[in-house]
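Presented below is the structure to which this report refers.
The values are calculated or read from the model by the stated rules, or taken from the named source; none is laboratory data. Worth saying up front: this structure is predicted, and the values here are computed from it rather than measured. Cβ placement follows ideal geometry from the backbone for every residue including glycine, while neighbour counts extend to all protein chains displayed.
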């Protein structure tokens, strides 16, 4: 199964979700792969997201914001948007049939807030993997 996580800038939430899925899937030997993209695309990953993930031993090395393409959407079995209330005009749900996880945007937030968002993503990813072994 391929999961595509989509948000506006692909700099925080969707990147953390992608990293969690791929990390946990490798650990469990699950046949699940994740990628992420943004409807607008950002310039760089959120440094607080990188730090929050590093605290759990998950590296974001090699990750960079990517712009959503139709090919990405076509190869995904499941598309999950990460919180459409942030920028409604750029909301991926306008373009794709998606499940929305309704998460706060970590942009501009401190590490404590990003940790809360990270932990919400981790819990949802673990449930997603448990439901799709």
Condition set in contact with a strand residue (DSSP E or B) (Cβ under 8 Å, 6 or more places away or on another chain) and free of Cβ contacts under 8 Å to residues at least 40 places away in the same chain, scope the stretch 4-34, selection nearest to residue 65 (Cα to Cα): answer is 34
Given (1) modelled with pLDDT of 90 or more; (2) out of contact with any helix residue (DSSP H, G or I) (no Cβ under 7 Å at 6 or more places or on another chain); (3) surrounded by fewer than 18 Cβ atoms within 10 Å (Cβ to Cβ); (4) assigned to a helix (DSSP H, G or I), residue 64 misses just (4)
Residue 35 passes all but one of the listed conditions (1) surrounded by 24 or more Cβ atoms within 10 Å (Cβ to Cβ); (2) within 15 Å of residue 80 (Cα to Cα); (3) at pLDDT 95 or above; the exception is number (1)
Every listed condition ((1) more than 18 Å from residue 119 (Cβ to Cβ); (2) under 10 Å from the mean Cα position of the chain (by Cα)) holds for residue 25 save (2)
Of the residues in the stretch 67-82 that are under 23 Å from residue 114 (Cα atoms) and touching a residue at least 60 places away in the same chain (Cβ under 8 Å), the one that is surrounded by the most Cβ atoms within 10 Å (Cβ to Cβ) is 82
Next item on the list: Kindly establish whether residue 110 is at pLDDT 85 or above and more than 21 Å from residue 26 (Cα to Cα).
Entry: yes
